Amino acid sequence: MKEQDISRLEQIFQEKIDNDIKIEPRDWMPDRYRQTLIRQISQHAHSEIVGMLPEGNWITRAPNLRRKAVLLAKVQDEAGHGLYLYSAAETLGADREQTIDDLHSGVAKYSSIFNYPTISWADMGAIGWLVDGAAIMNQVPLCRCSYGPYARAMVRVCKEESFHQRQGFEIMVNLMKGTPEQKAMAQDAFNRFWWPSLMMFGPSDADSKHTAQSVAWKIKRHTNDELRQMFVDATIPQAELIGLTIPDKDLKWNEERGHYDFGEINWDEFWQVVKGNGPCNKDRVDTRRKAKENGMWVREAANAYAEKRKVRKAS
Ligand code: 3HC
């Protein structure tokens, strides 16, 4: 294609971005825009699917039938979010098998938060309240993402995330109204999940290699630090309302800024977990790999059946 044709196409693309007109699968788009969306959407999908594991671990150990039904519904929702997002990645030309193989081979990332163990029932509360709360903070702006299929997928996902966050907070409220042991269990879960939840928003803006371009392309509508600050400002009052102690000695309200100042995130821990050296990384990826192996016969049977129907139709 001639140089001037490409620059004309780039101009049309940028005008759409500037005028908040959604980019659709059949539209021309710069390859780098396509590639960064495939990267982010596929890793988002992986996060949803891997995110099922820490909570799935507690479905059979829920304290009563209601809690079991709610947790089951939440985990099933996450599977649906993952499938939604894998499909959104496919509209950009991503190959589903390759995408999933990238997760199993360690080439692709998923959210660091899911590499921490869930050692008590209170962790189900902390994850719903904090992790899904952080996910909502990050995903609501994605409903206005410049890429149409991603933005539309987020509208549906966010509706379900708010149920996830509320059921988690309800668990924490109940525990904090309970016995001293239950209060201690909730506080311990908060202590273990608070800082990893802040890490979900990614590295600081200064260290983020994608944020500037993603904001320019209106994939991201806020930077990592902006969303992290919004999450802290929204969540601290909730923690204080139910009597939790904030595991950050440097946290304090800054009247001048109109925000909470908070302590330094342990970025060494963050990058270690992102690089695959977190407490549960190996276990999570092994589990996903095994799920694919164990499900191979289902795929083979479905393909064989589809093949047979095709032959029968053709004859
Ligand atoms: N965990 C793992 N990797 C992370 C990370 C995290 N918390 N934060 C950043 N990274 C990676 C990025 O993927 C990137 O690596 P890559 O180039 O190999 O992809 C690198 O660190 C640099 O980070 P950047 O901030 O420059 O990268 P992004 O611009 O992609 O920002 C992000 C990272 C904020 C996670 C962004 O990708 C995003 O908003 N993704 C969509 C939302 C999402 O994936 N959320 C994850 C949780 S989903 C969830 O919680 C489901 C809920 O139902 C439980």
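Data for the structure
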{"read-out": "Candidate set from the range 97-136 (those that are among the acidic types (Asp, Glu) and free of Cβ contacts under 8 Å to residues at least 24 places away in the same chain); member that is nearest to the ligand (Cβ to nearest atom)", "value": "ASP101"}
{"read-out": "Residues located in the range 15-39, provided they are in contact (Cβ under 8 Å) with a residue 24 or more places away in the chain, of a type outside the set (Lys, Arg) and open to solvent by 40 Å² or more (accessible area, probe 1.4 Å)", "value": "ASP20, GLU24, PRO25"}
{"read-out": "Residue satisfying condition, being in contact with an Asp or Glu (Cβ under 8 Å, 6 or more places away or on another chain), of a type in the set (A, V, I, L, M) and part of a loop (DSSP other than H, G, I, E, B), within set ILE219, ILE246", "value": "ILE246"}
{"read-out": "In the range 60-80, residue nearest to VAL131 (Cα to Cα) [restricted to those that are of a type outside the set (Gly, Ala, Ser) and assigned to a loop (DSSP other than H, G, I, E, B)]", "value": "PRO63"}
{"read-out": "Cβ-Cβ under 8 Å pairs, at least 6 apart or on other chains, the range 77-94 side acidic (Asp, Glu), far side open to solvent by 30 Å² or more (accessible area, probe 1.4 Å)", "value": "ASP77/GLU160; ASP77/PHE163; GLU78/MET52; GLU90/ARG96"}
{"read-out": "Yes/no for VAL173 being crowded, with 21+ Cβ neighbours inside 10 Å and assigned to a helix (DSSP H, G or I)", "value": "no"}
{"read-out": "Filtered residue count, the range 245-278, keeping only those that are charged (D, E, K, R) and within 16 Å of the ligand (Cβ to nearest atom)", "value": "3"}
{"read-out": "Qualifying residue in the range 188-200 (condition: open to solvent by 10 Å² or more (accessible area, probe 1.4 Å) and within 26 Å of ALA88 (Cα to Cα))", "value": "yes"}
{"read-out": "Residue tally, condition modelled with pLDDT under 95 and either within 10 Å of the ligand (Cβ to nearest atom) or outside any helix (DSSP H, G or I) (or both), over the range 1-59", "value": "3"}
{"read-out": "Residues within the range 137-184 that are away from the ligand (no atom under 11 Å from the Cβ), touching a residue at least 60 places away in the same chain (Cβ under 8 Å) and within 17 Å of HIS222 (Cβ to Cβ), tallied", "value": "4"}
{"read-out": "Test: MET296 is within 16 Å of the ligand (Cβ to nearest atom), at negative phi and either open to solvent by less than 40 Å² (accessible area, probe 1.4 Å) or not basic (Lys, Arg) (or both)", "value": "no"}
{"read-out": "Single residue of the range 99-148 satisfying the filter (of a type in the set (Asp, Glu) and under 24 Å from ALA89 (Cα atoms)) that is nearest to the chain's Cα centre (by Cα)", "value": "ASP132"}
{"read-out": "Residues of the range 27-55 that turn out to be more than 14 Å from the chain's Cα centre (by Cα) and closer than 14 Å to ILE100 by Cβ, as a count", "value": "1"}
{"read-out": "Lone qualifier among ILE265, ILE236, ILE242 - being surrounded by 16 or more Cβ atoms within 10 Å (Cβ to Cβ) and over 30 Å from CYS143 (Cα atoms)", "value": "ILE242"}
{"read-out": "Total residues in the range 185-203, condition in a loop (DSSP other than H, G, I, E, B) and either of a type in the set (Lys, Arg) or free of Cβ contacts under 8 Å to residues at least 60 places away in the same chain (or both)", "value": "1"}
{"read-out": "Residue under evaluation TYR260, criteria (1) touching a residue at least 24 places away in the same chain (Cβ under 8 Å); (2) over 29 Å from LYS109 (Cα atoms); (3) in a helix (DSSP H, G or I), criterion not met", "value": "(3)"}
{"read-out": "Residue match in the range 223-235 (condition: touching a strand residue (DSSP E or B) at 6+ places or on another chain (Cβ under 9 Å), free of Cβ contacts under 8 Å to residues at least 60 places away in the same chain and either within 13 Å of the ligand (Cβ to nearest atom) or assigned to a loop (DSSP other than H, G, I, E, B) (or both))", "value": "no"}
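The values are calculated or read from the model by the stated rules, or taken from the named source; none is laboratory data. Predicted model, so just to flag it, every value in this text is computed and none were measured. FYI the Cβ positions are ideal-geometry reconstructions off the backbone, even for glycines, and counts take in every protein chain you see. Note: accessible area is taken over every heavy atom of the protein model, side chains too, but ligands, DNA and RNA are not part of it. Shrake-Rupley method; radii C 1.70, N 1.55, O 1.52, S 1.80 Å.
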